[in-house]
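Read through the structure below, which is laid out as structure tokens, and then see the notes.
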Amino acid sequence: MTRPLQLRRLHYLNALFAPLTGHDLYLAQQIDAAISTSLGDAEERSPSDPSFVSAAAKLFERVCSAQPEHGFFHWDAGMDDTGASPLFARAGVMQGLKKLAAYPESTLLVTNLRAAQCPSTKRWTERRRREYDETLAFIRQLAAARSRRNANLNLLFL
């Protein structure tokens, strides 16, 4: 495995599992090894690979489900062609926020927003960058406005 690819995956896992790892890259390596074992060829996968993202999200969901006071919702913007549009982003995020409203602490994981905004066959233009930044700001504002004041919501964009 190439070092830059491994380092990107470790940073991805460290960001996702920060409450569990305490930002310890050694523990992130252990999580990476567990995912690699479950996927088989995960060592060659980048952190943006849908199978790797899905496996990491499922593992994180299992960790959160072991803590009854912690809710988890994963919204994958790349599930269809509409994920990058503000209307569908709002619908996906609102679905998650409604599910997480009952928890005093929760994590809303948003994945593949960047890939949905600019597919790999296209290139980043100024317009796409602006729309991506606006969508990020929109999701942050929506999460801030629609979550309970006394709840601790972790919003992760990976």
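Here are the numbers for the structure shown:
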| quantity | calculated |
| --- | --- |
| Subset of segment 132-145 that is surrounded by fewer than 16 Cβ atoms within 10 Å (Cβ to Cβ) and touching a residue at least 40 places away in the same chain (Cβ under 8 Å) - its residue that is nearest to Ala66 (Cα to Cα) | Phe138 |
| Lone qualifier among Phe138, Phe52, Phe73 - being within 13 Å of the chain's Cα centre (by Cα), assigned to a helix (DSSP H, G or I) and not small (Gly, Ala, Ser) | Phe52 |
| Qualifying residue in segment 35-43 (condition: modelled with pLDDT under 80, within 26 Å of Arg146 (Cα to Cα), of a type in the set (Gly, Ala, Ser) and open to solvent by less than 70 Å² (accessible area, probe 1.4 Å)) | no |
| Residue tally, condition more than 19 Å from the chain's Cα centre (by Cα) and either assigned to a helix (DSSP H, G or I) or in contact (Cβ under 8 Å) with a residue 12 or more places away in the chain (or both), over segment 147-158 | 3 |
| Count - residues of segment 115-131 that are surrounded by 11 or more Cβ atoms within 10 Å (Cβ to Cβ), at pLDDT 85 or above and not in a loop (DSSP other than H, G, I, E, B) | 3 |
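The values are calculated or read from the model by the stated rules, or taken from the named source; none is laboratory data. Keep in mind the model is a prediction, meaning the values are calculated, not measured. For neighbour counting, all protein chains shown are included, and Cβ atoms are generated from backbone atoms with ideal geometry for every residue, glycine included. Accessible surface areas use protein heavy atoms only, side chains included; no ligands, DNA or RNA. Shrake-Rupley method; radii C 1.70, N 1.55, O 1.52, S 1.80 Å.
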